[in-house]
1. Separation between the residue 50 and residue 62 pseudo-spin-labels, each 7 Å from Cα along Cα→Cβ, expressed in nm?
2. Report the residues of the stretch 30-66 in range of a label on residue 24: point 7 Å along Cα→C-beta, backbone N strictly under 16 Å from it.
3. Taking N as the number of residues in the stretch 2-73, what value does Rg over Cα atoms divided by 2.2 N^0.38 Å take?
4. On a 0 to 90° scale, report how tilted helix 17-28 is relative to the longest principal axis of the chain, with both axes built from alpha carbons and the result rounded to the nearest 10.
5. Roughly how tilted is helix 46-61, in degrees to the nearest 10 and between 0 and 90, from the longest Cα axis of the chain?
6. Which value at 222 nm does the chain reach when only helices count, each DSSP H run of 4 or more adding -39,500 (n - 2.57), with the total divided by all residues and rounded to the nearest 500 deg cm²/dmol?
């Protein structure tokens, strides 16, 4: 199991569509996740987490220029996990 903290930063965009699309992909993944005001935390098997991050970035990037910042750890899972 690994945990990822991920934030999407849309560049030169007037809406939050990129963020909303990335969150939708993460929530649909079936992984444990918590959406927070500045980041989204997700927890699950390594292959699934990385696949979800890739899909979330792709969904956000379809809207326009996007930066994804992710911190990934195998040492600090979500509380209660």
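1. Going from the residue 50 label point to the residue 62 one covers 2.4 nm.
2. Under cut-off, by backbone N: 30, 55-64.
3. For the stretch 2-73, the normalised Cα radius of gyration comes out at 1.00.
4. In the chain, helix 17-28 runs at an angle near 30 degrees to the longest axis.
5. 10
6. Computed ellipticity for the chain at 222 nm equals -11000 deg cm²/dmol.
FYI, it's all coordinate maths here, none of it is from the lab. Being a predicted model, the structure only gives us computed values, none of them experimental. When we count neighbours, we look across all protein chains shown, and the Cβ atoms used for this are built from the backbone with ideal geometry, even at glycine.
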